[in-house]
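Report on the following structure.
Every number in this text was worked out from the coordinates using simple rules, so none of it is lab data. Keep in mind that this is a model prediction, so the values were computed, not measured. For neighbour counting, all protein chains shown are included, and Cβ atoms are generated from backbone atoms with ideal geometry for every residue, glycine included.
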Amino acid sequence: MSRENGTPVLEVAGLRRAFGGLVAVNDLGFAVAQGEIMGLLGPNGSGKTTALNLMSGVLRPDAGTVRLMGRDIAGLASYRIARLGLARTFQLVRVLDGMDCRENIKAGLAFQKPHLPATEAEVRIDTLLDRVGLAGHDRRPAADLTYIDRKRLELARALAAKPRLLLLDEWLAGLNPSELMIGIDLIRSLKADGITIVLVEHVMNAVRALCDRCVVMSSGRKIAEGATADVLSDAAVVKAYLGGVAADA
Amino acid sequence: MNARAAGLGVLALAALVLLAFVPRLGNAYYLALAISLLQYTVLATAWGMFSGPTRYVSLATTAFFGIGAYTVAVLGEILPWPLVLLIAAALGAFVAAIVGLSTLRLSGVYFVIFTFGLTELIRQLVVWFEVNKSRVLGRYVFVDITQADIYWQLLALTAAVFLLGWLIARSRLGFALRVIGEDETVAKHCGINTTFAKVALFTISATVMTLVGAIMAPRWTYIEPSIAFNSMISFQVLIMALLGGAHRLWGPVLGAVPLTLLFELLSARFPNTFTIILGCIFLLIVYMLPRGVAGLFEKLSATAGGKATGRVAA
């Protein structure tokens with residue numbers, strides 16, 4: 001709940017998007033402060049991924065504003081938003097299978113402005129490979145990687161541009177318990193570096209361990225917002241999210 | 001790697017010099033065959049420059065080829081030759097940029113159909129204009145260009161296309177196109193202006209195709225829309241590039257050369273059953289070489305070199 005001084009990294013207000021008669025995101029509003037990890041929760045179909053797509057430029061909002069570092073980015077093309085410092089991963093992991101790990105990460109930084117000199121770019125790629133635990137795999141084709149390594153590579157590509165804001169769409173989904181611990185540590189280390197993160201996640205242990213605050217959506221609307229522990233015990237949230245059964249995950 | 005690139009450069013230059021002497025052989029048949037070979041090599045390589053990395057299958061080759069040929073038919077006698085080529089290139093680039101901007105948002109099969117329709121549209125427009133406005137069915141091409149001139153121009157264009165393709169592959173634009181071909185959504189989120197990258201490459205590729213049409217036009221003394229806009233060219237170029245392997249700059253030439261020779265041989269020996277035999281050969285090619293000849297070479301060299309980069313044949 002603590003809000004630092006200055007402009008929030010991300011400020012969403014009055015965001016709305018309908019698909020035909022279905023309002024997938026309805027009057028959504030929240031803000032994320034510098035260095036914060038904010039959880040975006042809600043049952044399947046509640047509009048979380050649509051919200052991420054509206055923020056990252058995949059979809060155009062029908063109404064509302066999305067401010068990144070104070071600048072309205074709603075409706076801008078994805079590539080412009082990416083160059084302004086927003087990076088994301090995808091619900092179904094997306095790596096460039098026909099390229100090796102090094103090229104995958106290079107894709108994340110080669111098109112940012114200003115362009116990095118080649119030697120600096122190579123150094124940064126090495127650092128990132130090391131950071132996500134893929135050191136030594138740099139010439140390995142992405143198609144040959146295991147599931148968690150594909151997730152690592154996707155994260156490294158998102159980090160390559162040194163984003164101000166990172167959107168993680170169920171990045172921890174599908175990991176086994178030990179991989180989950182590694183994943184949580186990795187995201188925590190990003191926070192330590194001052195990266196601001198919006199985390200869409202169903203793994204409750206991870207949400208508790210990582211998120212400073214949470215916003216909960218249901219049927220496109222925000223139904224709760226606040227410190228993680230408070231939100232997760234909120235009666236309305238428990239009802240919407242877990243169908244009335246107490247959180248046990 | 002640099003020594004290897006330099007070696008390849010020297011080799012290419014030597015080949016270029018040797019090939020420049022083909023018209024000196026004094027054999028009209030060989031010269032005609034060499035012109036066909038170069039024509040399809042340039043067209044297939046230009047096709048692969050755009051469609052290889054992006055995996056957008058274009059059937060618009062004929063449209064641009066025809067624009068080039070018709071520019072010569074209309075302006076060839078009025079203006080100096082270099083200026084005619086320049087105007088043809090500019091026209092091709094202009095049409096390509098407009099088409100690119102309006103269609104490259106389409107994906108998959110919609111793009112294929114559009115490019116095919118585009119060729120028909122342009123052809124019908126030319127027919128309509130010629131019949132109703134200029135009141136001719138075809139045009140005579142009387143320009144002072146010999147077969148040897150055509151050959152040398154095509155050879156120069158071949159060299160230029162390979163140099164251009166090599167430069168693009170090493171550039172940021174070339175890398176952007178590979179990322180787009182892998183996953184366009186990811187490309188956008190990496191900060192790639194995908195529309196610009198695709199339109200730029202489509203325009204470059206189409207300009208080259210237009211130039212081929214313009215250079216080839218004097219080979220016919222008479223041009224009409226069904227000759228200049230013969231949609232078989234689009235399909236042949238597509239098949240050549242796929243046979244060779246469009247994912248490599250040097251791939252399409254590996255398809256263009258054998259297939260041009262094959263067309264030549266089959267149409268001479270079996271004039272009536274030519275297309276049937278061709279159809280069977282295409283089926284075999286697609287079945288046995290899904291990644292083209294270039295893919296086969298890569299696989300062989302990977303096995304021979306014991307490299308562990310076992311790329312899956314897609």
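Give me the residue from region B:190-225 that is without any contact (Cβ under 8 Å) to a residue 60 or more places away in the chain and surrounded by fewer than 23 Cβ atoms within 10 Å (Cβ to Cβ) and, out of that set, farthest from B:F64 (Cα to Cα).
The selected residue is B:N193.
Suppose we filter region A:13-63 for residues that are buried (at least 20 other Cβ atoms within 10 Å of the Cβ), small (G, A, S) and in a strand (DSSP E or B); how many remain?
2
For region A:84-98, indicate whether the set of residues that are of a type in the set (A, V, I, L, M, F, W, C), closer than 21 Å to B:I192 by Cβ, within 11 Å of chain B (Cβ to nearest Cβ) and in contact with a Ser or Thr (Cβ under 7 Å, 6 or more places away or on another chain) is non-empty.
So far as region A:84-98 goes, yes, one or more of its residues are of a type in the set (A, V, I, L, M, F, W, C), closer than 21 Å to B:I192 by Cβ, within 11 Å of chain B (Cβ to nearest Cβ) and in contact with a Ser or Thr (Cβ under 7 Å, 6 or more places away or on another chain).
What is the residue count in region A:99-115 for residues that are surrounded by fewer than 17 Cβ atoms within 10 Å (Cβ to Cβ) and facing chain B (nearest Cβ under 9 Å)?
2
Mind listing whichever residues of region A:200-233 are out of contact with any Asp or Glu (no Cβ under 9 Å at 6 or more places or on another chain) and surrounded by fewer than 21 Cβ atoms within 10 Å (Cβ to Cβ)?
Across region A:200-233, the qualifying residues are A:N205, A:R208, A:A209, A:S218, A:S219, A:E225, A:A229, A:D230, A:S233.
Name, by its number, the condition in (1) without any contact (Cβ under 8 Å) to a residue 40 or more places away in the chain; (2) in contact with a helix residue (DSSP H, G or I) (Cβ under 8 Å, 6 or more places away or on another chain); (3) over 20 Å from B:E184 (Cβ atoms) that does not hold for B:P80.
For B:P80, the failing item is (2).
Tally up the residues in region A:116-133 that are in contact with a Leu (Cβ under 9 Å, 6 or more places away or on another chain) and within 13 Å of chain B (Cβ to nearest Cβ), please.
Going through region A:116-133 one residue at a time, the tally reaches 2.
Any residue at all in region A:69-81 that's within 26 Å of A:L41 (Cβ to Cβ) and at the interface with another protein chain (Cβ under 10 Å from one of its Cβ atoms)?
Yes, there is a match, as at least one residue in region A:69-81 is within 26 Å of A:L41 (Cβ to Cβ) and at the interface with another protein chain (Cβ under 10 Å from one of its Cβ atoms).
From the set of residues in region B:169-188 that are touching a residue at least 40 places away in the same chain (Cβ under 8 Å) and either within 8 Å of chain A (Cβ to nearest Cβ) or buried (at least 21 other Cβ atoms within 10 Å of the Cβ) (or both), which is farthest from the chain's Cα centre (by Cα)?
B:I180
Within 19 Å of the chain's Cα centre (by Cα), crowded, with 22+ Cβ neighbours inside 10 Å and either within 14 Å of chain A (Cβ to nearest Cβ) or farther than 30 Å from A:G108 by Cβ (or both): does that describe B:S234?
Yes: the conditions hold for B:S234.
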